[in-house]
Structure formats: C-alpha cells, structure tokens
1. Residue by residue, what Karplus-based ³J(HN,Hα) values in Hz, rounded to whole numbers, does segment 43-51 have, using 6.51, -1.76 and 1.60 with θ = phi - 60° and x for Gly and Pro?
2. May I ask you to give the average projected area over all directions of the convex hull of the Cα atoms of segment 3-195, in nm² rounded to one decimal?
3. Zone of residue 190 (label point 7 Å along Cα→Cβ, backbone N under 11 Å): which residues in segment 60-87?
4. Starting from the Cα of residue 208, step 7 Å along the direction of its Cβ; do the same at residue 114; then give the gap between the two resulting points in nm.
5. Using the Karplus curve 6.51 cos²θ - 1.76 cosθ + 1.60 with θ = phi - 60°, what ³J(HN,Hα) values do you get for each residue of segment 16-23, in whole Hz, with x for Gly and Pro?
6. Could you grab the relative contact order for the chain? Cα pairs under 8 Å, six or more apart, rounded to a whole percent.
7. Would you mind ranking 132, 199 so that the residue whose beta carbon has the fewest other beta carbons within 10 Å leads the list?
8. Give me the net charge for the shell around residue 149: Cβ to Cβ below 12 angstrom, other residues only, Lys and Arg +1, Asp and Glu -1.
Amino acid sequence: MSSISIIGLGNMARVLAARALAGGNAVEIIGRDPAKAQELAAALAGATVGTVDTAPAGDIVVLAVPYAGAAAVVREYGDALRGKVIVDITNPVAPDLQGFVVPHDSSGAQEIAKAAPDDAPVVKALNTVFSHVLAAGPAENRPLDVFIAGDDAQAKVRVSAFVESLGLRPWDIGELFMARALENVGLVELGLMNHSVKHANFSLGITVLG
C-alpha cells in the first residue's frame, strides 16, 4: 500500500482520504485551516494531520485543491516535494464553462509540472470522477474507471497501484500532454450534466469488446 498526503479539505479530499484508508493506505491530511484539518482527520479515524509549513509525509501527494491555487501550492512546498509523486486531480475549466484557464497548447497538469521540482513527477488522474460518485463506489458491480497521464512510467505505476487500492480501475492513456484530453473529458461531463443527463450521478468509462 501507499503513503498518501492529501492537500485540501473539500469533498474530493474527504472522499479520497476515506477510500484510501479503507484500502490500507497511510493518509495525511493537509489544509490551511488547522482546525478543519483536525476535524476531517478525526472524522476519518486513522488519518494524520500535516501542516502547510512542513514537507508532506506521503510518497504520493494529491492536489485536492481548486486549480487556481494548485501551482502556487506546489511552488510553496518547493524542494520539500523532491522525490514525491504529485497527483493533479484538478480541472482548469473557465467559470463560463466555455474553455480552460490555461494556454491552448498546455494543460493544468503541465502548468503544475512547471512549478514542481524536476524529480517530483506530476501524474494527471481522478479528474473525471465526481466526488459523490467516487464515494458511492462501483456501479452495477463494475469498478469506476480512472484515466492516468504522465511522463514518468514508474510514477504512473505507483499511482495505478494507489488507484487500485481505492477499488477503482486505472487506465494509462500516455504522456502528460494527454492531460489536456482528460481535462476536456471533465468539460464533457459538465456539458452532459447541464444539457443531457441533467444530474451528476454518472461516470464515464470504457468497455473492452472481445
């Protein structure tokens, strides 16, 4: 199992922490509000609490914060992230849902990678699963699919193992430039939610034929 530090105190952080603990991982919660971090850790029973001014304890650091602040968090930690795998679960979608707040030839994950130390590979993952769907678990006895992109093969292996410990099914889709495609999937899901499905109780995955 893995040692995980989750930066963030929102719904996705809570759900990921709960599933990570259930999967036998060591989990550290980090947030700018120490009282809320303590409250979340106490509710989860088994998580520890880190502080924003010390190096994360986990070998895998999950950025469960809004995209707008994700790169800044990575820059603040700086060399304290050396040797760790950074998992970007954000979606850099513009407020009007008409595109992204990153350059057209980049992605949120690639922008975050620019802020990270050279030996702290960034892996895009978990941005296409709504938090409440993740909390509910498998649908129709089928694990939820999680798509992964990154330049470091070993980092993707480690993240894939973590994803499997959550009871999910990882799919490697290629190098980090593919994060842009995953962020477009996130935008597709918002389009489905607003125009066709009319709710967010769904997930996107693949069916292998034959």
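1. Here the 3J(HN,Hα) series is 5, 7, 6, x, 7, 9, 10, x, 10 Hz.
2. 10.4 nm²
3. 67
4. 3.7 nm
5. 4, 4, 5, 5, 5, 5, 4, x
6. Relative contact order of the chain: 18 percent.
7. Fewest-to-most Cβ neighbours within 10 Å comes out as 199, 132.
8. Local charge sum for residue 149: -3.
Each reported figure results from applying straightforward, stated rules to the coordinates on display, with no laboratory input. These numbers were taken from a predicted model, which means no experiment stands behind them. All Cβ positions, even for glycine, are placed from backbone atoms using ideal geometry, and neighbour counts span all protein chains on display.
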